[in-house]
Amino acid sequence: MSKNKWWKREVAYQIYPKSFYDSNNDGIGDINGITRKLDYLSDLGVTLLWICPIFKSPMDDNGYDISDYYDIAPEFGTLEDLDNLINEAKKKNIKIILDLVINHTSDEHEWFQEALKNPESKYRDYYIFKRGKKDVPPTNWRGHFGGSVWEKVEGEKDKDGNEMYYLHLFSKKQPDLNWENPEVRKELYKIVNFWLTKGIAGFRVDAINSIKKDQRYLDLPVDGEDGLAFNIKYTLNQPGIEEFLDELRNETFKKYDCVTVAETPLLEYERYDKFIGENGFFSMIFDFNYAEIDMKDDGAYFNRNDFTVKELREKIFDSQLIIQKYGWGAPFLENHDSPRSIDKYFGDNINDEDAVTISKLLGNLFFFLQGTPFIYQGQELGINNFKRTSIEDFDDIASKDQYYRALKEGFSSEEALYYVNRRSRDNTRTPFHWDSSENGGFSRAIPWIKMNESYKKVNVEMEIEDKNSVLSHYKKMIELRQKSKYSDCLIYGEFVPLDLKNDEIIAYSRKDNNYELICINNFSSKSQEVDLKDKFSVKEILIANIEDIQIKENRINLKPYQSFVAKVEKL
Ligand code: GLC
Ligand code: CA
């Protein structure tokens, strides 16, 4: 694998600013809070921060609804605070990427306000306004956060009584931009270039495979009790999207030595070449094919997908092999839209001791895959899901919608709450656990969202001193990838799937001209035997979640959840 790009050597860390650290004790995390904690991040060893949206926003979707792309939300700080963060981070060799949300704006953005106020203004065509038939919306599409994707514009009925609507794939406070309009695209490129000249290292690119819509605006077969149909067939990964992305790259990213990581769920593998290949639209994309194995494509929390370890393994292998063929990966376990990974992959009944072992196993599994690993805040502590007892305790719009939709589909309120607890985006949005003092040391004020009560046992202060903690394990993993004689092999080496003839185990190797390293992970709560006899001999254990590894004549007796990386020699 070629060493041509700086971003291949990074270890990324995702920050949800609202919940990282509150520097002025108003209950909301902020930019200065991140600056204050740079020592923690640099000590952990991460080199690239992805900060979720910090722009001006009414916060209907926690900043993914931007009302001014050129300013910062006051609750997060000021432009000076951001400059200061960029400079201070640079001193510690940490680069910063921001979240680029250009599929939609907030309905409070001045473009949308103008579009509403004056149907004749050019801003009407910045968005997607369409007539319904009487008061039936233009199509029967359901949005990602429930309900119709069409919102009625009051007072714009035509003479035949047909109402006017605007399109929003996400909340009604997130109207979709009309990418078909060249002037809109130009305005968006201006924003991108503004930020790139400000000294950031690049972007995580939000919902970018939604920017092209099927221009026929046809109905779909109804698939729910709400009488609607999930929209993605005509709104996601549409043919022709390549033209927009090509132009976006040429007008912006290509002019800088920046990194871009795109969110492109359900993108077909045949199209990866165009997206992340040699002259691809992006540096990397997040592959949700394995990361959302617990869900079906319709995104309904109540429609869970039970999966086996074997299926997970196959999905990871497929993903890695295709990414390796064309470009570079961005492996991850968690993000601000997912539940915690312990719960996602192992269910919600794991005891505290196993949770530590499992967090390290999941760490080993994902961290040494091909690509730039992305760690989500709190993952390095082994935080698990936070079970809430009432729907009132949720903040996230998607979680609330999923709850009421489940009820409509006939589930009981207990069942609906169970599904939301399993999948809610609020699981990863709780305040970070700095110590065991009140509010986990996150803030002296009451946090904007309920804390996960586990902060008393799972927090930085306790884990930093404990060499067996999840945090210490993450530090070791990062050191091994970044600063050991195996670095080149772990970063640029070939990914090779291993078949150890055991369906409870996920194993792979990374190899280059100098070394071959294997990563073996026992997903089972029972011991498992594997035989390496005709393949490798283990020379040295480099990192493990349970130190004592029993190897006899190349037969390994793996303890429950045991996981390790070892240097091997081919036999
Ligand atoms: C992406 C974000 C998610 C947000 C949505 C709409 O999926 O990750 O948090 O709600 O886009 O912007
Ligand atoms: Ca604050």
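Taking the DSSP bridge list for the range 123-281 and keeping only pairs wholly inside it, about 60 percent are antiparallel. In the distance distribution for the range 210-333, Cα-Cα pairs more than 26 Å apart total 31 percent. At full extension, E114 and N162 could sit 15.1 nm farther apart than now, given 0.36 nm per residue minus the alpha carbon distance. Between N554 and F411, the simple spin-label model (points 7 angstrom out along Cα→Cβ) gives 4.8 nm.
When each of the peptides 186-194, 5-13 is scored by the mean number of other C-beta atoms lying within 10 Å of its residues, the order from highest to lowest reads 5-13, 186-194. For the residue pairs K296/K475; K198/K476; K296/K387; K3/K91; K173/K296; K91/K485, the alpha carbons lie more than 28 Å apart in K296/K475; K198/K476. For K5, the aspartates and glutamates whose Cα comes closer than 14 Å to its Cα, not counting residues fewer than 8 places off in the same chain, are D257, E278, D488. Taking each of K8/K37; K310/K457; K212/K344; K56/K400; K8/K186; K315/K360 in turn, the alpha-carbon distance tops 27 angstrom for K310/K457; K212/K344; K8/K186. Shown in residue order for the range 58-65 are the 3J(HN,Hα) couplings computed by the Karplus curve 6.51 cos²θ - 1.76 cosθ + 1.60 at θ = phi - 60°: x, 6, 5, 10, 6, x, 7, 10 Hz (x for Gly and Pro). Averaging Cα coordinates gives a centre for the range 46-98 and one for the range 312-360; these two points are 27 Å apart.
In plain terms, the bigger the Kirkwood radius, the slower the diffusion; for the range 73-208, with that radius from Cα pairs, at 10 °C and 1.306 mPa s, Stokes-Einstein puts D at 93 µm²/s.
Using a Förster radius of 22 Å, what is the FRET efficiency between K122 and E243 based on their Cβ-Cβ separation? Nearest 0.05, please. Efficiency, from the Cβ-Cβ distance: 0.50.
The angle separating the long axis of helix 182-196 from the principal Cα axis of greatest extent in the chain is about 40 degrees. Other residues lying with their Cβ under 12 Å from the Cβ of G280 contribute a combined charge of +1, Lys and Arg counting +1, Asp and Glu -1. Per-residue ellipticity at 222 nm from helix content only, as computed over the chain with -39500 (n - 2.57) for each DSSP H run of at least four residues, stands at -8000 deg cm²/dmol. Taking a sphere under 14 Å around the Cβ of S472 and counting the other residues whose Cβ falls inside, with K and R at +1 and D and E at -1, yields a net charge of -4.
As a ratio to 2.2 N^0.38 Å, the alpha-carbon radius of gyration computed for the range 456-530 takes the value 1.37. Relative to the longest principal axis of the C-alpha atoms of the chain, give the angle of the C-alpha long axis of helix 79-91, reported between 0 and 90° and rounded to the nearest 10°. Tilt relative to the chain: about 20 degrees.
Of all beta bridges that DSSP places with both ends in the range 1-132, some 20 percent have antiparallel geometry.
One Cα centroid belongs to the range 508-571, the other to the range 381-417; the line between them spans 40 Å. The stretch between K483 and N250, if pulled fully straight at 0.36 nm per residue, gains 80.4 nm over its current Cα-Cα span. Other residues lying with their Cβ under 14 Å from the Cβ of I293 contribute a combined charge of -2, Lys and Arg counting +1, Asp and Glu -1. Once the Cα-Cα distance is subtracted from the 0.36 nm per residue extended length, the E438 to K152 segment shows a gain of 98.4 nm. How many percent of the alpha carbon pairs in the chain exceed a separation of 34 Å? Percentage above 34 Å: 40. Residue by residue through the range 25-39, what is 3J(HN,Hα) from phi via Karplus (6.51 cos²θ - 1.76 cosθ + 1.60, θ = phi - 60°)? Round to whole Hz and write x for glycine and proline. Working through the residues one at a time gives 6, 10, x, 10, x, 8, 5, 4, x, 5, 4, 4, 9, 4, 4 Hz. Relative to the longest principal axis of the C-alpha atoms of the chain, give the angle of the C-alpha long axis of helix 352-367, reported between 0 and 90° and rounded to the nearest 10°. Once rounded, the angle reads 80 degrees.
Throughout, read-outs are computed from the coordinates displayed, never taken from laboratory work. Note that the structure is predicted; figures quoted are calculated from it, not measured. Note that each Cβ is placed from the backbone with ideal geometry, even for glycine, and that neighbours are counted across all protein chains shown.
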